[in-house]
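The values are calculated or read from the model by the stated rules, or taken from the named source; none is laboratory data. None of the values given here were measured: they were computed from a predicted structure. All Cβ positions, even for glycine, are placed from backbone atoms using ideal geometry, and neighbour counts span all protein chains on display.
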Amino acid sequence: MDNFAPVIGLEIHVELATKSKMFCGCKNDPFFAKKPNMYTCPVCLGLPGALPVPNKKAVEWTILLGLALGCTINEDSKFDRKHYFYPDLPKGYQISQYDMPLCIDGSFVIARSESSSDAAISNNSEIASPSERSRNDKKIRIRRVHLEEDTGKLLHATVEGKRVSLVDFNRSGVPLVEIVTEPDFRSVEEVDVFVKKLQQIVRYLGISGADMEKGSMRIEPSVSMRKVKNEELSNYRVEIKNINSFKFARNAIAYEIERQTEVLKRGETPTQQTRGFVESKGITVVQREKEEAHDYRYFPEPDIPPMRFSGRMISDIRRKIEELPDVKKERFMKEYGLSEYDAGQLTETRERSEFFEDILRHMSSVISPKTVANIIINKKAKTKEEVTNSLQSPPGIPESELQTIIEHVLKDNPKAVADYKQGKEQALMFLVGQIMKSLSNKANASIIREHIVTLIA
């Protein structure tokens, strides 16, 4: 990159899946509303005299997320008014948080193994496992996690031959948690790993679907460039707004790195500004000159009293955090003898991991964890009946004949058997393939695999 290296920070917005909106009793269901402006009231429409009342569940869920991300919880917090003028913001200001957010000073760890460039992430709280923290780690610091209200949604359409912009306020007032990182990312790949793991943790906590396509999770990267081997931050940054796809985030950041590098090579300094990503062209375009905090004229929200949280209340919320994905993955490897790949696949979602363990609780006497994992991962089994059906013997092949064929293949392939005993998983797959070939692919690969493992052991 011609002696320049990227410096990237993130703002990530996640809509919380509470039953009602942030400051009123309107239904929080913007994606399934049958018509625009269906779930609105004087509060979320910003009508004069309407008074906001904070959603207790949204506050607790924000603290829950902050704790899962290793944050310190401010015992004293408040809401503020953030002023800017845009058609989808009916009050002319947004109720947000400024100098006293709910959560501060958290961190994620991007952990790279010594033998691989592949990155994996674990949270750096007390919930993370020791082995995860002991690898070659890179800490991504989280500056704050705060709570605010979402805006309405602009819809651009042609009405009677004219291009117009319409506003749907079903989304206005939806509780929105914002995660702000420090500028610790140095590549597109690091950003990609981070945001995917964050989405996974949010889903594990059950506080949001974090669906990028629907806009319930949005990414806003800030990109600047510095000279290689110079850790000083640049005197500018460019923010890319409202990206709703992992792919778009990667492409937008990559383009912005290239664009800024070209500007610097000309001996110029990139302008501090806000840009948008044009998916069809793969480029970013100027939206406005970048605002600073003073431009928003923050001041305490006069209609909402400050909040105070006791240590006991915070402890009660902490106890609601169940086993998070990276900890669960490591337990699956130790407790069930699964490979890192299989454990990762099974813990990708909380639902899949719970299904796996539920099957084992009822069928552990007749089926091994490895076989269950194979059926769930490879056969996409989602019910107990589908698992049971996958365990049936190959049609038309007696058990004794199947055993004879397997023993014959193992005898003919001593090197593959020896390789598998040395821990080479590919050797096992080779043996399965040879047996399946002998059976004209009529057998169940998971059953064959189980037979081989039993015989070799």
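Any residue in the stretch 183-199 that's surrounded by 21 or more Cβ atoms within 10 Å (Cβ to Cβ): show its pairings with residues that are assigned to a helix (DSSP H, G or I) at Cβ separation under 6 Å, as long as the two are six or more apart or on different chains. Matching pairs, first to second residue: Phe185/Val191.
Starting from residues that are touching a helix residue (DSSP H, G or I) at 6+ places or on another chain (Cβ under 7 Å) and buried (at least 17 other Cβ atoms within 10 Å of the Cβ), keep the ones in the stretch 225-249 and report whichever is farthest from Gln200 (Cα to Cα). Please lay out each step first, then the result.
Of the stretch 225-249, the ones touching a helix residue (DSSP H, G or I) at 6+ places or on another chain (Cβ under 7 Å) are 225, 238, 240, 243, 246, 249.
Filter again for buried (at least 17 other Cβ atoms within 10 Å of the Cβ), leaving 225, 238, 240, 243, 249.
Working: Met225: 29, Val238: 27, Ile240: 23, Ile243: 18, Ala249: 17 Å.
Here the residue is Met225.
Restricting attention to the stretch 146-164, the residues being outside any strand (DSSP E or B) and touching a residue at least 24 places away in the same chain (Cβ under 8 Å) number 3. Does at least one position in the stretch 93-103 carry a residue that is out of contact with any strand residue (DSSP E or B) (no Cβ under 7 Å at 6 or more places or on another chain) and either among the hydroxyl-bearing types (Ser, Thr, Tyr) or under 16 Å from Tyr296 (Cβ atoms) (or both)? Yes: one or more hits. Close contacts from the stretch 438-457, counting a first residue that is assigned by TED's automatic domain parsing to the domain that holds Asn389 and loosely packed, with under 12 Cβ neighbours inside 10 Å and a second that is at pLDDT 75 or above and of a type outside the set (Gly, Ala, Ser), with Cβ to Cβ under 6 Å and a gap of 6+ residues or different chains, come to none at all.
Within the stretch 67-85, the set of residues being closer than 11 Å to Asp99 by Cβ, polar (S, T, N, Q) and either part of a loop (DSSP other than H, G, I, E, B) or within 24 Å of the chain's Cα centre (by Cα) (or both) comprises Asn74 only.
For the structure I just gave you, tell me whether Glu330 is assigned to a helix (DSSP H, G or I), in contact with a Ser or Thr (Cβ under 7 Å, 6 or more places away or on another chain) and closer than 30 Å to Cys103 by Cα. Outline the logic, then answer.
On the way: assigned to a helix (DSSP H, G or I): yes; in contact with a Ser or Thr (Cβ under 7 Å, 6 or more places away or on another chain): yes; closer than 30 Å to Cys103 by Cα: yes.
Yes; evaluated as a whole, the condition is true for this residue.
Each residue in the stretch 213-266 was checked for being under 18 Å from the mean Cα position of the chain (by Cα) and either outside the structural domain of Thr284 (by TED's automatic domain parsing) or assigned to a loop (DSSP other than H, G, I, E, B) (or both), and 7 pass. When the test is whether a residue is β-branched (Val, Ile, Thr), surrounded by 15 or more Cβ atoms within 10 Å (Cβ to Cβ) and part of a strand (DSSP E or B), Thr284 passes it.
For every residue, the table says whether it meets (1) surrounded by 17 or more Cβ atoms within 10 Å (Cβ to Cβ); (2) not in a strand (DSSP E or B).
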| site | (1), (2) |
| --- | --- |
| Pro6 | yes, no |
| Ile12 | yes, no |
| Thr18 | yes, yes |
| Phe23 | yes, yes |
| Phe31 | no, yes |
| Lys35 | no, yes |
| Tyr39 | yes, yes |
| Leu45 | yes, yes |
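Note on the stretch 287-327: residues that are exposed (fewer than 12 other Cβ atoms within 10 Å of the Cβ), assigned to a strand (DSSP E or B) and of a type in the set (A, V, I, L, M, F, W, C) amount to 0.
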